[in-house]
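The values are calculated or read from the model by the stated rules, or taken from the named source; none is laboratory data. This structure is a prediction, so every number in the text was calculated from the model and none was measured. Here the Cβ positions follow ideal geometry from the backbone for every residue, glycine too, while neighbour counts run over all protein chains shown. These area figures cover heavy atoms from the full protein model, side chains too; ligands, DNA and RNA do not enter into them. Shrake-Rupley method; radii C 1.70, N 1.55, O 1.52, S 1.80 Å.
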Amino acid sequence: MPAVKPIAILAADHALGQSLAFALAAEGFVSEFISDQDWHWAAQDNQRFLCFIIDEQALPVTSIEMIGLAAPIILLADGLGSHVDVAGARVIYKPSQGSDILAVVRALSIPAHA
C-alpha cells in the first residue's frame with residue numbers, strides 16, 4: 001500500500017524531477033518538489049516526508065548536514081563520475097531504471113513490524 005507521507009524531490013533538472021513525480025504518481029505515491037532554497041525548511045520538517053530523492057547535481061549540503069534526518073535519503077548520483085558515499089543515503093547511479101528507485105521507495109513505505 002502506498003505511503004501517505006509525500007516524497008520530497010530535489011532535482012537540478014526540471015525534466016528529471018517531472019519524470020520522477022510521474023513515475024511515483026503512477027505507483028500511487030505523492031511527491032513534492034523542493035528547491036535548494038527550501039532545503040533548510042524541508043530538513044527541519046523532515047519527519048513529514050517518507051523520504052528525500054535528491055539529485056547529486058542539486059545536492060544542497062554536505063553529508064554531515066544530512067546526518068540525523070528522520071526521513072531516508074535516496075541519492076541519484078552520476079554513474080560516470082567517482083563513487084559517491086553520503087552517510088546514510090541509499091545511492092542509485094544514473095542512468096537508472098525507474099524500477100530501481102521505485103523498489104527503494106516501496107521498501108521504505110512498508111511499515112516496520114515490532
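In table form, for the structure just shown:
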| item | result |
| --- | --- |
| Sequence-distant residues sharing a close amide H with C51 (under 5 Å, placed H) | A8 |
| Formal net charge of residues neighbouring V105 (Cβ-Cβ distance under 12 Å; K, R +1; D, E -1) | +1 |
| From phi via Karplus (6.51, -1.76, 1.60), per-residue ³J(HN,Hα) for segment 29-35 in Hz, x at Gly/Pro | 9, 9, 10, 9, 7, 10, 9 |
| Simple label model, 7 Å out from Cα along Cβ direction - D100 to E27, nm | 1.4 |
| Long-range HN-HN contacts of K94 with modeled amide H, under 5 Å | A77, D78, G79 |
| D100, D55, ranked by accessible area, largest first (probe 1.4 Å) | D100, D55 |
| Per-residue HN-Hα couplings for segment 41-51 [Karplus 6.51, -1.76, 1.60; θ = phi - 60°; Hz; x = Gly/Pro] | 4, 5, 5, 5, 9, 5, 5, 7, 9, 5, 6 |
| Per-residue HN-Hα couplings for segment 98-108 [Karplus 6.51, -1.76, 1.60; θ = phi - 60°; Hz; x = Gly/Pro] | x, 5, 4, 5, 4, 4, 5, 4, 4, 4, 5 |
